[in-house]
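Below is one structure, written out as structure tokens; comments come after it.
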Amino acid sequence: MVDYDVNLIGDVARGRVYQGASPNEGIVTFQTPGRMLMLVEMAAGVDALKWVRQGNLRSVLYFGIDDNEQSALDDPTLEALALSCRAWLRGGGDIIFGCAAGISRSSYADCATLMTTLGLKFDDALAMIRKGRKQANPNPGFVAHLRHMEPRFLDLAMT
């Protein structure tokens, strides 16, 4: 049996948020019985659709960015990611945020979602993630982008 490096971040809206390293074959062993599961994969080069075809996931959002300060998504794309995840969670689905090590890129997407869904400021969103995944640490470029987007995300959280 293959273990999957994933941690529960918390119950959000009507769903659950998890964060971890790129699943490789481990997604086969990670299940949320009776619940809809979506993977938000941020690592470049991952064939996340194979788990949808195998029936392990209902949906995948794939962004495939590098982990460097210049790889932040543009504002509309990050907003769309966060709003899509919020809708999934409000519908009772669970989300795994994944990247190569489950540290930087997944934290970037996870923070954006928590900020938009729960109305958290960046520091509070990251603190929530770190309660479940202590190694969470978005790179400085991602941090700057999340701080830039914070007023917009807080406005969206009111809708």
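Remarks
- Every residue from region 65-78 that is acidic (D, E), touching a residue at least 12 places away in the same chain (Cβ under 8 Å) and out of contact with any Cys (no Cβ under 9 Å at 6 or more places or on another chain): D66, E69, D75
- Reported count of residues in region 79-98, each being out of contact with any Ser or Thr (no Cβ under 7 Å at 6 or more places or on another chain), more than 15 Å from G20 (Cβ to Cβ) and touching a residue at least 40 places away in the same chain (Cβ under 8 Å), is 7.
- The numbered conditions (1) more than 16 Å from the chain's Cα centre (by Cα); (2) in a helix (DSSP H, G or I); (3) modelled with pLDDT under 80; (4) not basic (K, R) are all true for D47 except (2).
- Residue match in region 139-159 (condition: among the hydroxyl-bearing types (S, T, Y) and more than 24 Å from D5 (Cβ to Cβ)): yes
- Inter-residue pairs, beta-carbon under 6 Å, first under 15 Å from A109 (Cβ atoms) and free of Cβ contacts under 8 Å to residues at least 12 places away in the same chain and in region 140-159, second among the polar types (S, T, N, Q) and buried (at least 16 other Cβ atoms within 10 Å of the Cβ), 6+ apart: none
- The residue pairs whose first member lies in region 99-114 and is part of a loop (DSSP other than H, G, I, E, B), whose second member is of a type in the set (A, V, I, L, M), and whose beta carbons are closer than 7 Å, counting only pairs six or more residues apart or on different chains, are A100/A21; A100/A43; A101/A21; G102/A21; I103/A136.
- Filtered residues of region 50-65 (kept if exposed (fewer than 14 other Cβ atoms within 10 Å of the Cβ) and in a loop (DSSP other than H, G, I, E, B)): G55
The values are calculated or read from the model by the stated rules, or taken from the named source; none is laboratory data. Quantities reported herein were computed from a predicted structural model and do not represent experimental measurements. Positions of Cβ are backbone-derived with ideal geometry, glycine not excepted, and every protein chain shown enters the neighbour counts.
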